[in-house]
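The values are calculated or read from the model by the stated rules, or taken from the named source; none is laboratory data. Small disclaimer: the values here were computed from a predicted structure and weren't measured. Cβ coordinates were reconstructed from backbone atoms using ideal geometry, including for glycine residues, and neighbour counts include every protein chain displayed.
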Amino acid sequence: MKFTDMVVKKLKPKESRFEVLETNRPGFGLRITPKGTKTFIFVYQFKGKNRRMSLGKYPAMKLTEAHQKHADARQLLGQGIDPGEKEQAEKEKIRSAPTVIYLVNEYIERWAKPRKKTWKEDQRMLNLDVVSRWGDMKAMDVTKKHILRMLDELLERGATTTANRTFAVTRKLFNWAVERGELDFSPCTGVRAPAKETPRERILSEEEIKSFWDGLENANMTDSMKLVFKLQLLTAQRKGEVVGTPWTEIDFDKKEWLIPAERTKNGVATLIPLSESAIDHLGAIKVESKGSEWLFPSGRTQTHIIETSADHAIRNNLQHFNCEQFTPHDLRRTAASHMTALGVSRLVVSKILNHVDRSVTAIYDRHSYDKEKREALDAWAKKLNEIVAGKQ
C-alpha cells in the first residue's frame with residue numbers, strides 16, 4: 001500500500017490492533033489500535049533479532065516527518081547502530097537530565113564552597129535571578145536567548161554592575177556543568193558581559209567624611225552598623241572582614257587585630273595595628289555586641305551580620321550624609337588615599353590594605369612593616385579625629 005495523507009487518514013480501526021506496511025519503504029508502517037490511535041512504526045532486524053520502533057503518533061507527526069525519521073533510522077542501521085536502542089538512550093538522557101536548581105545546588109556545594117569565600121554571594125545571585133526564572137527547567141533547555149533576556153531585564157532596572165556579576169557567576173555555573181559532563185554546551189557561549197564598567201575611583205573628601213560621620217548620628221540603622229563604618233574608616237579594611245570579625249581576633253593588650261588567612265580575600269593573614277581611636281570604638285562595639293562571640297552579631301541568626309547589610313544601610317541613608325553616592329568599599333579607598341596624602345608611602349598603605357605584591361623584590365622582602373603600619377594608622381586616626389571635629 002502506498003501511503004498518502006488521505007490514505008492514512010481513512011484507515012479505520014478494527015476489533016484488534018493491526019499493522020499496515022507501506023510498499024517500497026522497507027519496514028515502514030502504521031499501527032492502529034481498536035480505539036483508532038495511529039502510530040508510525042519501523043520494523044527491522046538487528047543482529048538477527050526482530051525489533052520494532054515507534055516513530056511517532058499521527059496526526060501529531062505528519063507523514064513526511066515519519067518518512068524522514070524512518071530514513072534516519074535506516075541510515076543508523078546501515079552504520080551498525082540500533083536506532084530503537086539509540087532513541088531509548090536519548091529519551092532516558094532527557095528524563096535524567098539535571099534541572100537548573102539541581103545544577104545550582106551542586107555547583108555551590110562541589111565548587112563554590114570549597115574554593116570561594118564569597119560562595120554565599122554566588123548562591124544569592126543564582127537564587128535571585130537564575131533559579132527564580134528557570135529552576136524547574138531542564139538545564140539543557142536553557143538557551144542563549146534565555147540568558148540574553150535575563151540580562152536585558154537586569155539592565156532595564158538599572159542594575160548594570162549586578163548584571164555583570166550575575167552573568168559572570170551564571171557563565172561559571174554552566175561552564176562547570178559542561179566540565180562535569182552534565183551538559184554538552186553552555187548557553188552563555190558567545191554572550192558578552194552586558195555592561196561596560198569603569199574602575200571605581202570614589203574618594204570622600206574631608207568635608208564629605210565629616211558630613212558622613214555626623215550624618216550617622218541620625219541615620220536609620222543600628223548603632224552596631226554605625227560602628228561598622230567607623231571601624232572600617234579607621235582601619236581601611238574590607239567590609240566583609242570587618243562585619244565577620246570574632247572577638248578572638250582582637251588583642252586589646254597588644255592593640256592588634258589579626259585576620260587569619262581563611263578570612264582574607266587573598267588568602268594571606270594580615271596584622272592590623274589598632275590606633276587609640278580604634279580601641280575606643282572597639283570598646284563601644286563590645287558593649288553593643290552584648291557578650292556575643294562576634295563584634296557585629298546578627299539579630300536574626302547565630303552568626304554575624306552579612307556584607308550586603310552594610311551596602312543597604314549606606315544606600316538607604318544617603319539623604320542623611322549630604323554627599324554624592326558612595327559604597328562601603330569607598331570608605332576603604334578613602335582611608336588609603338588620605339593616608340598617602342599624609343605622606344605615608346604607597347608600600348606601607350599596600351601592606352595595610354593587604355594587597356599581594358608578586359614582584360621579585362617582594363619575594364626577598366620579609367620585613368613585616370608592622371611598625372610602619374602602626375605609625376600610618378595612628379597618623380590617619382589623628383587626622384580623622386581632626387576632620388570629624390572640624391579642625392584644620
In the stretch 194-221, anything in contact (Cβ under 8 Å) with a residue 60 or more places away in the chain and of a type in the set (V, I, T) is listed as I203, I209
For E153: the one exception among (1) acidic (D, E); (2) in the same structural domain as V348 (by TED's automatic domain parsing); (3) within 20 Å of N127 (Cα to Cα): (2)
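Listed here are the residues, each with its yes/no results for (1) of a type in the set (K, R); (2) over 23 Å from I305 (Cβ atoms).
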| position | (1), (2) |
| --- | --- |
| K117 | yes, no |
| N127 | no, no |
| H146 | no, yes |
| T161 | no, no |
| D184 | no, yes |
| P194 | no, yes |
| E208 | no, yes |
| A219 | no, no |
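Just to be sure before I move on: is Q232 farther than 13 Å from L282 by Cα and crowded, with 22+ Cβ neighbours inside 10 Å in the structure I sent?
Judged against the criteria, Q232 is not a match.
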In the stretch 110-122, what residues are within 12 Å of L173 (Cα to Cα), of a type outside the set (F, W, Y) and either outside the structural domain of M150 (by TED's automatic domain parsing) or surrounded by fewer than 19 Cβ atoms within 10 Å (Cβ to Cβ) (or both)? R110
Could you check how many residues of the stretch 297-335 are touching a helix residue (DSSP H, G or I) at 6+ places or on another chain (Cβ under 6 Å) and of a type in the set (F, W, Y)? 1
Could you please give the count of residues in the stretch 146-188 that are assigned to a loop (DSSP other than H, G, I, E, B), modelled with pLDDT of 90 or more and within 17 Å of the chain's Cα centre (by Cα)? 3
If a residue has to be loosely packed, with under 13 Cβ neighbours inside 10 Å and not hydroxyl-bearing (S, T, Y) to count, how many in the stretch 57-67 make the cut? 2
From the residues in the stretch 206-257 that are among the small types (G, A, S) and within 17 Å of I352 (Cβ to Cβ), which one is modelled with the lowest pLDDT? G240
Those residues of the stretch 14-65 which are among the acidic types (D, E) and in contact with a Lys or Arg (Cβ under 6 Å, 6 or more places away or on another chain) amount to E19
Could you check the stretch 48-79 and list, in sequence order, the residues that are outside any strand (DSSP E or B), touching a residue at least 24 places away in the same chain (Cβ under 8 Å) and more than 19 Å from K10 (Cβ to Cβ)? K69, H70, A73, R74, L77
Over the stretch 280-320, the set of residues within 14 Å of Q232 (Cβ to Cβ) and in contact with a His (Cβ under 7 Å, 6 or more places away or on another chain) is F296
In contact (Cβ under 8 Å) with a residue 24 or more places away in the chain, over 22 Å from G240 (Cα atoms) and either in contact with a Leu (Cβ under 6 Å, 6 or more places away or on another chain) or part of a helix (DSSP H, G or I) (or both): does that describe A376? yes
Would you pick out the residues in the stretch 228-243 that are aliphatic (A, V, I, L, M) and within 29 Å of the chain's Cα centre (by Cα)? V228, L231, L233, A236, V242, V243
Of those in the stretch 86-105 that are of a type outside the set (V, I, T) and either touching a residue at least 24 places away in the same chain (Cβ under 8 Å) or on the phi > 0 side of the Ramachandran plot (or both), the residue surrounded by the most Cβ atoms within 10 Å (Cβ to Cβ) is L103
Taking only the stretch 1-35 into account, find how many residues are surrounded by 13 or more Cβ atoms within 10 Å (Cβ to Cβ) and on the phi > 0 side of the Ramachandran plot. 1
Can you list the helices (runs of 4 or more DSSP H) lying wholly within the stretch 261-368 that have 1 or more residues being surrounded by 14 or more Cβ atoms within 10 Å (Cβ to Cβ) and either assigned by TED's automatic domain parsing to the domain that holds W213 or in contact (Cβ under 8 Å) with a residue 12 or more places away in the chain (or both)? 276-289, 307-315, 318-321, 328-341, 346-353
Filter result for the condition that a residue is among the polar types (S, T, N, Q) and under 44 Å from the mean Cα position of the chain (by Cα), over Q45, Q68: Q68
